[in-house]
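As structure tokens, the structure follows; a few thoughts come after it.
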Amino acid sequence: MDRKRTSILISGRGSNMAALIAAAAEPVFPAEIALVISNDPEANGLKMAVQNGIPTRVIAQKDYSSREEHDAAIDAALREHGSELVCLAGYMRRLTAGFVEKWSGRMLNIHPALLPAFKGLDTHAAALAAGVRIHGCTVHFVTAEVDAGPIIAQAAVPVLAEDDDARLAARVLKAEHRLYPLALSLVASSRAVLRDGKVVHPGRNPG
Ligand code: GRF
């Protein structure tokens, strides 16, 4: 089987990265993890990646004089490792439009809300403040506009009366860890493809 070489960009904890690594440890999974890149040398996820035998690179913005140069260094590392797909997993830095364009249709992100609701940060507090009864997470293709790319997959969780930010975040995070491997497997096996700004499912019977 042709397993798509997939690299992961992180900035912190790396629990979604760990879920992707665990899924890709199965030989039948259609993606293999080629490289983990962090822009923060202190990111916890780096240790976890090393423990799993995955190559890691720290590419920190402080070492570059512009966003373009920083993203060019990331792009070079991705290509050096033969990356075909890129997963953003808690990567906390905005990417340049040029970089996003290069990886169009091949770069995924996970967002802790049911987009297009609650874009940006502090999504769980926003969901609680809005009083929604259903919350969740979204995996989407990355486009130049943050949290606005075409949706690949979503998972919903209930909002319970006794929820606070932390309880709700934990329930969503569990769903994220199931959803991201599923979404990556759809893209890696070409069952979800970005075409003309929309996600299509080649081969799926419309009836
Ligand atoms: C996740 O909630 C993800 O949806 C968001 O950032 C968080 C990263 O968590 N983009 P982790 O580093 O994967 O544990």
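Sum up the charges of everything whose Cβ sits under 14 Å from the Cβ of R106, counting Lys and Arg as +1 and Asp and Glu as -1, but leave R106 out. Overall, the nearby charge balance is +2.
Rolling a 1.4 Å probe over the heavy atoms of the protein chains gives region 96-161 an accessible area of 43 Å² per residue.
Between D63 and K47, the distance separating the two model label sites (each 7 Å from Cα on the Cα→Cβ line) works out to 2.1 nm. So if I average 1/r over every pair of distinct C-alpha atoms in region 98-207 and take the inverse, what Kirkwood radius in Å does that give? After inverting the pairwise mean of 1/r, the radius is 14.7 Å. Per the Debye calculation on region 165-207 with a single equal scatterer at every Cα and no solvent contribution, log₁₀ I(q)/I(0) for q = 0.19, 0.22, 0.25, 0.32 Å⁻¹ amounts to -0.68, -0.76, -0.84, -1.03. A dipole drawn for the chain from +1 and -1 charges on Cβ atoms has a positive end, and of A148, A188, H111 the residue lying farthest that way is A188. Based on DSSP H segments of at least four residues, each scored -39500 (n - 2.57), the chain has a per-residue ellipticity at 222 nm of -10500 deg cm²/dmol.
The distance between label points at A97 and V146 comes to 1.7 nm (points 7 Å beyond Cα on the Cα→Cβ vector). For the chain, the fraction of 1.4 Å probe accessible surface lying on carbon and sulfur atoms is 53 percent.
At a probe radius of 1.4 angstrom, the accessible area of region 12-65 per residue rounds to 50 square angstrom. Spin-label model, D164/R204: points 7 Å from Cα along the beta carbon direction are separated by 4.0 nm. Summing charges over neighbours of E84, with a neighbour being any other residue whose Cβ is under 15 Å away from its Cβ, gives +2 when K and R count +1 and D and E count -1. Could you tally the net charge around R3, taking each other residue with its Cβ under 12 Å from the Cβ of R3, Lys/Arg +1 and Asp/Glu -1? Computed value for this residue: -2.
The values are calculated or read from the model by the stated rules, or taken from the named source; none is laboratory data. Every value quoted in this text rests on a predicted model; they were computed, and no experiment measured them. Reconstructed Cβ throughout: ideal geometry from the backbone, glycine too, with neighbour counts over all protein chains shown. The protein model used for the area step is the full one, side chains on, heavy atoms only, and it has no ligands, DNA or RNA in it. Shrake-Rupley method; radii C 1.70, N 1.55, O 1.52, S 1.80 Å.
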